Amino acid sequence: MCGIVGYTGTQKVAPILLDGLSKLEYRGYDSAGLAVFDGTKINTVKAKGRLQVLSDLTKEGSLLEGFTGIGHTRWATHGAPSETNSHPHYNEDQTIAVVHNGIIENYLYLKSKLISKGYHFQSETDTEVIAHLLDYYYKENPLEAISKVVNRLEGSFALGILFTAHPDELYAIRKDSPLIVGVSESGNFIASDVPAILKYTRDVYYIDNKEIVLLKGNNVTFYNIDCEVIQKELTTVNWDISAAEKGGYEHFMLKEIYEQPKALRDTIQPRIKDNDIVIDELSLSPEEIRNLRKIYFVACGSANHICVTGKYVMEGVARIPVEVDLASEFRYREPIFEPNTLLVVVSQSGETADTLAALREAQAHGVKVLGICNVVGSTIAREADDVMYTWAGPEIAVATTKAYSTQLAALYLLAMYFGKTRQTLADSDFNDMLKELQTLPDKVQSILEHKDNIQHFANRYIGARDIFFIGRGIDYAASLEGSLKMKEISYIHSEAYAAGELKHGTISLVEEGTLVAAILTQEHLYKKMISNIEEVVSRGAFVLAVTNEDNTAIEKSSDYVIYIPRTNRYFATCLANIPLQLFGYYVAVGRGCDVDKPRNLAKSVTVE
Ligand code: AGP
């Protein structure tokens with residue numbers, strides 16, 4: 001996912017752009033560029049590779065004179081990573097420059113039309129079409145040109161735009177890709193995300209779809225797509241800057257793993273009052289909750305593993321039938337929505353395109369949508385009917401950890417709240433679970449204090465070729481997440497399997513020394529799991545077991561055991577997940593991988 005930063009004000013712009021882009025590196029990128037207006041023309045510098053290359057080329061920005069500019073980190077979608085394909089893109093006489101995050105789905109059609117009108121293209125990107133379209137429609141009014149161009153575009157976009165004919169004016173517009181406006185005494189900003197401007201201001205405006213913003217001097221003006229001035233509400237971001245820094249840890253991922261006790265406390269405690277659960281964000285009445293006949297859980301990646309967990313927890317505790325869907329599949333299977341249905345979307349960033357599309361598909365059919373999000377003011381958070389925030393704080397590492405754990409906590413709270421309202425959860429059980437839920441932060445902390453064992457074991461597997469994760473019931477969801485963590489940061493091939501399913505084919509891949517991580521937190525499934533473990537052991541597998549602290553019998557059939565504190569069976573995978581995060585982390589570090597910014601990945605996938 002690309003990163004955008006723009007600024008106009010009293011300070012030299014290039015160093016500000018470079019600093020802002022460095023705070024967006026976590027989004028993943030392969031090239032970067034700046035466009036700076038020097039008072040008469042737009043100077044552009046672009047480079048493939050890390051941001052440092054661009055910084056070196058411009059001597060930390062000092063070689064670029066000017067107080068208005070736009071910067072971009074590109075995560076390639078159309079056209080390989082290269083200087084030519086990096087942003088900003090511009091029209092042929094370089095009087096218009098544009099940076100873009102998103103995908104223009106009809107760019108080939110528009111490109112052919114422009115070529116037929118005599119336009120020439122330099123790059124393979126979809127974005128360059130926007131620069132030439134702006135040139136085509138620009139007469140003397142940038143707002144009108146932007147409005148006409150946007151009405152031709154299909155797909156998603158967040159744009160930062162400069163016109164040399166309009167000195168020290170910075171234009172921006174978005175549709176489905178994130179973009180915020182920051183305001184300060186020394187000047188005003190546009191950015192894809194808060195970390196880029198947090199150093200300068202906490203006062204931000206969230207731009208809605210197809211709203212145009214003009215930054216000029218000390219003024220910020222918003223327009224609707226008809227170029228009419230509109231008013232927007234200024235909000236204040238309450239992130240602390242340290243949250244967006246590493247705080248002495250080697251990687252953001254490790255810092256965020258260690259922030260989980262606090263993140264869990266911050267997500268759970270505000271929703272417990274007088275020994276009861278209060279979810280003020282939920283507009284469903286008790287009667288609507290009692291009448292619920294189905295819940296869809298829909299998300300991508302790790303967030304989808306929350307959904308898989310959600311099925312077990314919600315059906316077990318609240319006895320509501322649950323369907324789980326991958327967001328990228330959901331709208332294409334033409335789901336059959338019936339009355340008394342709720343759709344829950346889970347998204348850390350709140351900007352994942354496929355998850356947003358699933359939300360809109362449900363709303364288009366009159367289904368109420370609850371979003372479980374971590375980024376306040378994100379698109380999903382603002383478009384959902386209700387949003388239940390996880391209070392994990394900014395999660396910078398691409399591989400999710402603390403947001404994942406807090407999503408589990410939000411899920412537990414929701415299921416218990418529904419179970420109590422529907423009286424499928426006896427008061428005594430509710431009270432026991434509520435007490436146990438509040439012990440999770442300390443139990444996570446106790447696991448983190450034993451990380452040396454996990455680090456020691458991980459070092460033995462940095463050369464592994466295949467690693468399997470298996471589990472039954474809710475442990476299957478944990479195996480999915482453990483496997484994704486491993487492969488996305490260590491690049492080792494891994495598969496997660498429902499333990500009972502392994503023997504129906506994939507066990508053929510198990511050979512002498514293959515590592516199989518078995519998750520056993522569900523006591524009623526221990527025996528079945530041990531059978532499955534013995535099946536892989538008999539074929540030469542080395543078994544790492546993650547299990548409850550009193551399940552020492554497992555040592556007879558496993559080669560290495562990581563124990564987790566006992567807890568309610570529905571909460572157990574919140575604990576089992578912690579050693580699996582550390583396992584993946586230490587294997588990746590041992591392999592010298594870029595743990596916070598794994599190759600090919602982005603923190604939020606805002607393209608379909
Ligand atoms: C998680 O480690 C991955 N980075 C990825 O699977 C992520 O969970 C997925 O892209 C969904 O992102 P979201 O939660 O921001 O919607």
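Where a number appears in this text, it was derived from the coordinates with a stated rule and is not lab data. This one's a predicted model, so the numbers in the text were calculated from it and none came from an experiment. Positions of Cβ are backbone-derived with ideal geometry, glycine not excepted, and every protein chain shown enters the neighbour counts.
Here are a few things to note about the model shown:
- For Thr547, Thr164, Thr44, order by how many other beta-carbon atoms lie within 10 Å, fewest first: Thr164, Thr44, Thr547
- Here His493, His504 are placed in order of increasing Cβ neighbour count within 10 Å, fewest first, which gives His504, His493.
- For the pair Lys528 and Asp427, label points projected 7 Å from Cα toward Cβ lie 3.5 nm apart.
- Paramagnetic reach from Ser283 (point 7 Å along Cα→Cβ, amide N under 20 Å) across region 192-213: 208-209
- The Cα atoms of region 451-522 give a gyration tensor whose axes a ≥ b ≥ c have a/c of 1.5 or more with a/b no greater than b/c, which makes the shape oblate.
- Other residues whose C-beta falls under 15 angstrom from the C-beta of Val369 contribute a net charge of -4, scoring Lys and Arg +1 and Asp and Glu -1.
- Gap separating the Cα centres of region 427-504 and region 320-370, nearest whole Å: 27 Å
- Label point at Leu108 placed 7 Å out along Cα→Cβ; residues across region 164-187 whose backbone nitrogen lies under 19 Å: none
- Given Lys48/Lys603; Lys175/Lys603; Lys139/Lys210; Lys148/Lys199, the pairs whose alpha carbons are separated by over 29 Å: Lys148/Lys199
- Angle between the chain longest axis and helix 353-364 axis [Cα atoms, degrees, rounded to 10]: 90 degrees
- A simple spin-label model places pseudo-atoms 7 Å from Cα toward Cβ; at Gln122 and Leu509 they are separated by 4.5 nm.
- With contacts taken as Cα pairs under 8 Å at a separation of at least 6 residues, region 278-379 carries a relative contact order of 29 percent.
- Global form of region 202-342, assessed from the alpha-carbon gyration tensor, a/c cut-off 1.5: oblate
- Relative exposure of Phe469, Phe297, Phe457, judged by other C-beta atoms within 10 Å (fewest first): Phe457, Phe297, Phe469
- Low-density loop cleavage sites - GluC sites (Glu not before Pro) in region 88-124, where at most 12 other Cβ are within 10 Å (DSSP): none
- Shape category assigned to the chain from the gyration tensor of Cα positions, a/c cut at 1.5: prolate
- Loop sites in region 435-503: GluC sites (Glu not before Pro), DSSP, at most 15 other Cβ within 10 Å: Glu449
- FRET efficiency, Leu63 to Tyr249 (Cβ-Cβ, R0 35 Å, nearest 0.05): 0.55
- Angle in degrees between helix 301-317 and the longest Cα principal axis of the chain, rounded to the nearest 10: 40 degrees
- With the simple model of a label 7 Å out from the Cα in the direction of the Cβ, Ile336 to Cys227 spans 5.1 nm.
- Restriction of the chymotrypsin sites (Phe, Trp or Tyr not before Pro) in region 333-431 to DSSP coil positions whose beta-carbon has at most 10 other beta-carbons within 10 angstrom yields no sites.
- Long pairs among Lys420/Lys443; Lys262/Lys443; Lys23/Lys443, criterion Cα-Cα beyond 23 Å: Lys420/Lys443; Lys23/Lys443
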